[in-house]
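> Before I ask anything, here is the structure I am working with.
The values are calculated or read from the model by the stated rules, or taken from the named source; none is laboratory data. Bear in mind that the values here come from a model prediction, so they are computed numbers and not experimental data. Don't worry about glycine lacking a Cβ; one is built from the backbone with ideal geometry, like all the others, and counts go over all protein chains shown. With ligands, DNA and RNA removed, areas are computed over all heavy atoms of the protein, side chains included. Shrake-Rupley method; radii C 1.70, N 1.55, O 1.52, S 1.80 Å.
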Amino acid sequence: MTAARYARAVTMATAAHAGVFRTGTTVPYISHPLAVSAMAMEYGGSEDVAIAAVLHDVIEDCGREYIIPIREEFGTHVADLVMAVSHLGIGTWKEKRIEYLAHLARSSAEVLLIAGSDKLHNARAIVSDGPTVFAKFKAPKEDVLWYYTELASIIAARGAPMASALTETVTKMKEL
């Protein structure tokens, strides 16, 4: 891995998420993409996957205009990975999730690695926050649990490396 290239991605993500905190917490948002990127690397992700993982929420949360600098700085492959893991659909919360689940069912192993790392980190945060966390969501608890159950099922069926960890964590979510 080229440390300088990765550092530029971390700098871009940090600037994009500056002043933003994890929902309902005082934890700087950048902690999430950093954790997702570290997890993707631990599960065998390439340099491009690690970079896309640290940038995975930039387009979704900060604006589509970031696709140009991502493509220019890190190349088409990284930009395509970031786009592939971004929730950009239109419709209700559930309609967007249904679309995303269908997308993951046919996505590349690299996209699954990033998405699985993202969802595993989010699921662990949910479990850590406890039962009151569900009040933070735009969807009822039942829908959130449905979504994570479906994610875990797809990720397991596709053989992504974090499948068992995600399935375990989703089971803990259901106990909240």
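> Tell me, which residue of segment 133-171 that is farther than 25 Å from Gly91 by Cα and outside any helix (DSSP H, G or I) is most open to solvent (accessible area, probe 1.4 Å)?
Arg158
> Among the residues of segment 63-95, which ones are more than 17 Å from Val10 (Cβ to Cβ), among the charged types (D, E, K, R) and surrounded by 15 or more Cβ atoms within 10 Å (Cβ to Cβ)?
Arg71, Asp80
> Within segment 118-172, track down each residue that is among the β-branched types (Val, Ile, Thr) and over 17 Å from the mean Cα position of the chain (by Cα).
Thr132, Val133, Thr171
> Among helices (runs of 4 or more DSSP H) lying entirely in segment 1-90, which contain 1 or more residues that are more than 16 Å from Leu120 (Cβ to Cβ) and at pLDDT 95 or above?
Working: elements: 3-16, 31-42, 47-54, 67-74, 76-85.
Filter on segment 1-90 gives 3-16, 47-54, 67-74, 76-85.
> Restrict the check to segment 139-160 and report whether at least one residue is closer than 19 Å to Ser31 by Cβ and modelled with pLDDT of 95 or more.
No, that holds for no residue.
> Any residue in segment 137-150 that is farther than 13 Å from Lys174 by Cα sitting within a Cβ distance under 9 Å of a residue that is of a type in the set (Asp, Glu)? List the pairs, counting only those 6 or more apart or interchain.
Phe137/Asp143
> Filtering segment 41-93 down to residues that are farther than 20 Å from Thr2 by Cβ and polar (S, T, N, Q), which residue is nearest to the chain's Cα centre (by Cα)? Outline the logic, then answer.
We begin by selecting, within segment 41-93, every residue farther than 20 Å from Thr2 by Cβ; these are 57, 59-68, 83-93.
From the residues that got through so far, the ones that are polar (S, T, N, Q) too are 86, 92.
On the way: Ser86: 8, Thr92: 19 Å.
Checking each candidate, the answer is Ser86.
> Going by what's in this entry, would Thr14 be described as surrounded by 15 or more Cβ atoms within 10 Å (Cβ to Cβ), farther than 23 Å from Asp129 by Cα and over 14 Å from the mean Cα position of the chain (by Cα)? Before you say what the answer is, go through the steps one by one.
Numbers: surrounded by 15 or more Cβ atoms within 10 Å (Cβ to Cβ): yes; farther than 23 Å from Asp129 by Cα: yes; over 14 Å from the mean Cα position of the chain (by Cα): yes.
Taking the combined requirement at face value, the residue satisfies it.
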